Each structure stands twice: as C-alpha cells, then as structure tokens.
Amino acid sequence: MSMPFLAFSCTSCEFKGSSMAVWGRFSYDNSAEPVPLKRRLAWCTSCKDLVPLEVLPTETTVRELESEIAHKAKIVADFMTKAEHQKTWFQKLLGSSVKMSAEIQDVDFQRSYREDELKDERARAKFLIDRRSGPKCLLCGSEDCLELPTKISPRGTDRAPGPPMPIGMKHPRCGGEFLVEHSGIRISKRLNHRVYDREGTLLRVLEDR
Ligand SMILES: [Zn+2]
Ligand SMILES: [Zn+2]
C-alpha cells in the first residue's frame, strides 16, 4: 500500500525531512503480547534530524479518550433512538432494523478507533508503570528532543499540494523557520518492526511482513 507523506524544509538552510520518520511498527518487548509504542514527530538534537519520539502514557490521555468515546457513543445512541421512533408502521410490522446515516457511521467508526487507542494506552500505562526515564528518540535513545507542533496542516491536499508554510517552530541551532508541505508523492516502503525495552532502549529490528 502506498502512502502520502509530508515534506519539511527550512527557510535558512538546506535541511530536508519527512513525516516518514514515524512510519513502521514500534512496540515494547513483552512476553505476553507486544505493547504498541506511541510516537510522534520531533527534532532530535543528537540525530540533528526529524525522528520518531516516544510518547509516554498519561492519565490525562486515558481520561480524554474515555470522555471522547462516551460522547461519540451518545451521539450514535441518540440517533438510533430517534430513528427507532420515526419508523413507519410498515417498517415496524416488518421488524426492519434502523440504518445509520453515513455521518453516524463515521462517528461510530471514530468511536471504535478511539476504543482501540484507549486499549493501547491502558496497556502502555500498565507496562510502563515503573518507567524511570523520560521519552526517548527512538533512533538514538537521546532524551534531548523537541516535539513538533501537534497540529500541522499544510496547504492543499496530498494530491494537489499548496506552497510550503511555516509550522510555527524554529530549526534549532539554525534559527530558520521550519516549513511543511504535502510531498505530492505516495510511496510504498518496506517497513520494519522495532522492539524496545521498558526504558525505551532499542532491542532489535525485525523485518515486518
Ligand atoms: Zn535550517
Ligand atoms: Zn536521536
């Protein structure tokens, strides 16, 4: 499967980076079942590049996910109740079930997606309960990283990219502004499975199939 990616550059130097840095499968080594590792795009001072940075579980994330799931579940339930009341006598006679609208189906899909995220976040919280170190660069293990802004929304679309725009962060030690744009390219890449210990230290890299 080919995927689109974002291209990063700098206003003052030749730096080029991409969102492909976070691609692949990352997990913690756990004898029972591997625990998925959450990561985000960041600048690593020792790699001097955009890297996947570990994101440690927090109680706030668990709470936010729980309330988002409850909110979406309520939207779906309200829709279903209303639709049930609006059935015609003929539909009731046939016992036909209520169909979700496309919009509600989407809300329901997002709810189930968030439920998977919550399951993973809880698994991480349990597995990393004794974690001592802070989040690490998943390439070199350094903790000296700067997170990129959470919301990066380049102009245009991945099929029709707009001009590069600032992400609101300076290129460390360079002073230029980081820019982002849709690359306009979809690529398919052989991805690896990187396995880490409880402190975020890389144990092995497997070829993912
Ligand atoms: Zn620069
Ligand atoms: Zn690094």
Using a 1.4 Å probe on heavy atoms of the protein chains only, the accessible area for Ser96 in Å², nearest 10, reads 40
Please list, or write none, the lysines whose alpha carbon is within less than 18 Å of the alpha carbon of Lys87, excluding same-chain residues fewer than 8 places away. Lys99
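Please give the contour-minus-distance gain from Lys87 to Cys47: 0.36 nm per residue of separation, less the Cα-Cα distance, rounded to one decimal in nm.
On the way: separation 40, 0.36 × 40 = 14.40 nm, distance 6.14 nm.
Using 0.36 nm per residue and subtracting the Cα-Cα distance, I get 8.3 nm.
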Once the whole set of protein chains is in place, how much accessible area is left on Leu65, using a 1.4 Å probe, in Å² to the nearest 10? 10
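Provide Rg over Rh for the stretch 61-121; use the alpha carbon set for both Rg and the Kirkwood Rh (inverse mean inverse pair distance). Intermediate results must be reported in sequence, preceding the final value.
Numbers: Rg = 14.5 Å, Rh = 12.8 Å.
Computed over Cα atoms, the ratio is 1.13.
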Order the following by accessible area, largest value first: Asp208, Asp78. Probe radius 1.4 Å; ligands, DNA and RNA are ignored. Asp78, Asp208
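Equivalent ellipsoid semi-axes for the chain, as square roots of 5 times the alpha carbon gyration tensor eigenvalues: give them largest first, rounded to whole Å. Please list the in-between numbers first.
On the way: eigenvalues 294, 122, 52 Å².
Each semi-axis is the square root of five times an eigenvalue, giving 38, 25, 16 Å.
Which order do Ile75, Ile69, Ile185, Ile129 take by accessible area at a 1.4 Å probe, largest first? Don't skip to the answer; put the middle values down first.
Working: Ile75 65, Ile69 20, Ile185 90, Ile129 130 Å².
The most accessible residue leads, giving Ile129, Ile185, Ile75, Ile69.
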Rounded, prolate or oblate: which one fits the stretch 134-205, using the alpha carbon gyration tensor with axes a ≥ b ≥ c (rounded when a/c is under 1.5, else prolate when a/b beats b/c, else oblate)? oblate
Measuring from its Cα centre, the chain shows a charge dipole (+1 at each Lys and Arg Cβ, -1 at each Asp and Glu Cβ) which, in debye to the nearest 20, is 320
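Just to check, using Stokes-Einstein with a Kirkwood Rh over alpha carbon pairs, what's the diffusion coefficient of the stretch 56-162 at 10 °C and 1.306 mPa s in µm²/s?
Roughly 88 µm²/s, to the nearest whole number.
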Hey, with R₀ at 35 Å, roughly what FRET efficiency would Leu202 and Ile152 work out to, going by the Cβ-Cβ distance, to 0.05? 0.85
The relative contact order of the stretch 100-209, taking Cα pairs under 8 Å that sit 6 or more residues apart, comes to a percentage of 19
Cross-link list Lys38/Lys74; Lys72/Lys92; Lys38/Lys151; Lys48/Lys189; Lys72/Lys126: which exceed 19 angstrom alpha carbon to alpha carbon? Lys38/Lys74; Lys72/Lys92; Lys48/Lys189; Lys72/Lys126
From highest to lowest solvent-accessible area (probe 1.4 Å; ligands, DNA and RNA excluded), Glu143, Glu181 read Glu143, Glu181
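The values are calculated or read from the model by the stated rules, or taken from the named source; none is laboratory data. Only a predicted model underlies this, so the values are computations on that prediction, with no experimental measurement involved. Note that each Cβ is placed from the backbone with ideal geometry, even for glycine, and that neighbours are counted across all protein chains shown. Ligands, DNA and RNA are stripped out before the accessible areas are found, and what is left, the full protein with its side chains, is counted by its heavy atoms. Shrake-Rupley method; radii C 1.70, N 1.55, O 1.52, S 1.80 Å.
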